[in-house]
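The values are calculated or read from the model by the stated rules, or taken from the named source; none is laboratory data. Predicted, not measured: the structure shown is a model, and the values here were computed from it. A quick note on method: Cβ atoms are made from the backbone with ideal geometry, for glycine too, and the neighbour counts reach across all protein chains shown. Ligands, DNA and RNA are excluded from the accessible area calculation, which covers all protein heavy atoms including side chains. Shrake-Rupley method; radii C 1.70, N 1.55, O 1.52, S 1.80 Å.
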Amino acid sequence: MIVRHAFSPPDNERLAHVCGALDENLRAIEQGLNVVVTRRQEHFRVEGGKLQAPRALVLIEALYARSGRPIDEEQLQLMLYEAQRDVIQGHAKPVAPAEAAAGGEIVLHTRRANLVGRTPNQVQYLRQILSHDITLGLGPAGTGKTFLAVACAVDALERASVQRIVLTRPAVEAGERLGFLPGDLSQKVDPYLRPLYDALHDLMGYERVTKAFERGAIEIAPLAFMRGRTLNHAFVILDEAQNTTPEQMKMFLTRIGFGTKAVVTGDLTQVDLPRGARSGLADASDVLRDVAGIAVTQFGSADVVRHPLVARIVEAYEAAGARNDATAQADRPERAPVAPASFQEGRRGARGARS
């Protein structure tokens, strides 16, 4: 299928922003939607499948509408992801956000005005955070577990639904020994909480985050120092929870006080605990799955909203894990059948009679 469009009147600067340096934006669209894009000045020609080609052209038109300034890679990848989602769902044109179809759009008060769930699981995750006191988010990197949790925390703080945001995570190195870190408590745990800081700076801005720390509206609390506390009217985020022990997880979950929400995030494929140790996140997801007031969201590779290569990496590791499991199952020796107890007793009696 071939579709065409010409932008009139032509604007060379906007066209340059749409195409990107050396037409890199067009090449990304070609690779992401499996189409061929040809451009001659303001005229665009897209050749591809009956769903892919029209959706690619709509994407180019949407980029042109935003081309008053250069289009950054993140914006392009998010728009491309939405186009891929529409094609997978069988739509040649953009469809309404899933949250709107499900009964009302979720609006979060952050600096990112366009922050919405981009996959069904992300929409479900947001709804569960808003409607449950404790939410567990499990899944691979890039699925938005931490970022969406921080967005909900910022929204709750902006609405004055909570008095503070509490950030915590276990201080477990990813296979490396970092030794003793210098500085006060905040400086020691800063490297471990950097993903949370990055999300806060993106959603609130650096100056507002700094002021919130100064007045105690945002607090860092190493998991090891949480015992004995009761957290009232707070939004608590436990990140990298796959590296907690069952005892630590139980301790954390029992810190929840009145008016408090807690979100626990982690990736069970990246556990850094000693070999053979049980992950507290895996334990909690099994034990608490049917407890009223607690919600569990399981993300997969289809929910990865990051560089497209991340999703392919996750899928490759999942496939390799499945192959390894199948190989281990096939190589496992079969146990010899055990004779009934009465037969074993009869054989022992016969040997005694011969002796």
Legend entry - Per DSSP, loop chymotrypsin sites (Phe, Trp or Tyr not before Pro) in segment 208-268 with at most 10 further Cβ within 10 Å: Phe258
Inset, instruction - For segment 1-153, report the accessible area per residue in Å² (1.4 Å probe, heavy atoms, rounded to an integer). - result: 50
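Sequence gap at least 6, Cα distance under 8 Å: using those rules, report the relative contact order of segment 214-302 to the nearest whole percent.
30
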Inset, instruction - Name the lysines eligible as straight-distance cross-link partners of Lys145: C-alpha to C-alpha under 16 Å, and not fewer than 8 places from it in the same chain. - result: Lys261
